[in-house]
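Below is one structure; the comments refer to it alone.
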Amino acid sequence: MLPGLVEGHTHIFQYVSAVGAPAEEAHLRRGVVAAADAGTAGASTFAAFRKLVVEANPLRIVNFLNVSVLGLIDFRFGELLNPDTLVPEDALATAEAHPDIVRGFKIRLSEDVVGENWESLLKKSVSLAEQAGLPLMLHIGETSEPLPVVLDYLRPGDIVAHCYTGKPHGILDGNRVQPAVAAARERGVLFDSAHGKSNLSFEVARRAIADGFLPDVLSSDTSARNWRGPVFDLLTSISKLVALGAPLDECIRRATVAPAKLLGLDTEGYGRLEVGGRADVTVVTETEEVTLPDASGNTIVAPRLEPTVVLHGGAEVDIVPWRGLPSA
C-alpha cells in the first residue's frame with residue numbers, strides 16, 4: 001500500500017502538442033494522482049494548457065514551463081533553434097500569474113534543439129529561474145558540450161533530466177559516475193531518471209546504480225510517443241530500476257515523497273499517507289516476470305509492479321490494464 005504516486009516528469013498537453021499523452025488514462029488510471037508536465041507548454045500556449053489539461057483532469061497537475069514561448073509542440077522541430085523564442089519577460093509573467101501551476105522552468109539542451117546557442121540560452125534560462133525563485137529542469141543527452149561543462153551553470157535545486165541516458169555526454173565515465181556529477185549532487189543539483197522514448201539505457205542505469213547513484217526523482221517521462229511502450233507508465237519505470245538493482249523502498253520514495261516535495265505538493269498532502277490526510281492510495285502487487293524494454297531496444301526479464309486498487313480523494317479509480325499486455 002503506497003501513497004498515490006507523484007509523476008515528476010511527463011508530457012500531457014494532449015490536442016495541442018503532438019507529444020501530449022492523455023493525463024487521466026496515462027497516469028491516474030495507472031496509480032498516479034499528481035503529475036508535473038515538463039516543458040510541453042510555453043508562455044504562448046500556457047492558457048490552453050491550464051484550460052485543457054489542468055482544469056479538465058481530476059488529478060493534480062503542475063508544470064515546468066518551457067523557456068521557449070512555443071513550448072514543445074513537435075519533437076521534430078527544436079523550439080529554441082530560433083533563440084528569440086526565449087522571452088524571459090513572458091516566462092516570468094506567466095510564472096508570476098500562475099504560481100499554483102508553474103513550479104519551475106524547462107530547457108532542452110540537445111544540439112538539435114538549441115543549435116550553437118546552447119551557452120547563451122542556458123545562461124538566460126538560469127537567470128530567469130533565479131529571478132522567479134524557481135528551479136530549472138535541464139534535458140541532457142546529445143548536448144554539444146560534455147556534461148561537466150554544463151553542470152557548472154546549475155544551481156542547488158536545479159534538475160538534470162535523463163540521468164540514465166545512453167546518448168553522448170551522460171553521467172558515466174566507464175563504470176563509474178563522473179566526479180563532476182557527484183560534485184554537482186553534493187552542492188544540491190538534483191537528478192531525474194525520466195525514462196522517455198529514447199533516454200533510459202539499462203546498461204547506464206545498471207552501472208550507475210551499482211556505483212551507488214540513484215535518481216533524486218524517479219519519473220517516467222511519459223508522452224504520446226511512449227505510453228504504449230517502451231515506457232508504459234510510472235510503475236513500470238519503477239519496476240525496471242528495481243530489476244537493475246535499486247532498492248524498492250528507495251524507488252517508491254523517489255516516486256512519491258521526493259517529487260511531492262520538489263513540486264511543492266507536499267504542503268497539499270501529496271506524497272504521503274497519514275491519518276487525516278489525503279485519501280490518495282495506490283495498492284500494488286508484483287506480477288509474474290515479463291520482458292521489459294529500455295529506450296534502445298535492450299530487454300530484461302523481471303517482475304512488474306501492477307496497481308490493483310487506486311483511490312483518489314477517497315474514491316476508487318477505474319484502473320486500465322497494463323499496455324504491454326499482448327493484444328487479444
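Laid out as a table, the results:
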{"item": "Any hit, the stretch 23-36, residues being on the phi > 0 side of the Ramachandran plot, in contact with a helix residue (DSSP H, G or I) (Cβ under 8 Å, 6 or more places away or on another chain) and not small (Gly, Ala, Ser)", "result": "no"}
{"item": "Index of the failed condition, Asp249 passing every other in (1) closer than 22 Å to Gly313 by Cα; (2) surrounded by fewer than 22 Cβ atoms within 10 Å (Cβ to Cβ)", "result": "(1)"}
{"item": "Residues being surrounded by fewer than 15 Cβ atoms within 10 Å (Cβ to Cβ) and in contact (Cβ under 8 Å) with a residue 24 or more places away in the chain - total across the stretch 84-99", "result": "2"}
{"item": "Residues that are under 25 Å from Ala36 (Cα atoms) and assigned to a loop (DSSP other than H, G, I, E, B), drawn from the stretch 111-147", "result": "Gly133, Leu134, Pro135, Ile140, Gly141, Glu142"}
{"item": "Residue check for Arg228: surrounded by fewer than 21 Cβ atoms within 10 Å (Cβ to Cβ) and closer than 22 Å to Glu7 by Cα", "result": "yes"}
{"item": "Helices (runs of 4 or more DSSP H) contained in the stretch 181-293 and holding at least 3 residues over 13 Å from the mean Cα position of the chain (by Cα)", "result": "202-210, 234-243, 248-253"}
{"item": "All positions within the stretch 58-110 that are of a type in the set (A, V, I, L, M), assigned to a strand (DSSP E or B) and closer than 12 Å to Ala132 by Cβ", "result": "Leu65, Val102"}
{"item": "Among the residues listed as Glu306, Glu286, the single one being without any contact (Cβ under 8 Å) to a residue 40 or more places away in the chain and either more than 22 Å from Ile159 (Cα to Cα) or of a type in the set (D, E, K, R) (or both)", "result": "Glu286"}
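Read-outs: derived from the displayed coordinates by stated rules, not from any lab. These numbers come from a predicted model, not from an experiment. Every residue, glycine among them, receives a Cβ derived from its backbone with ideal geometry; neighbour counts consider all protein chains shown.
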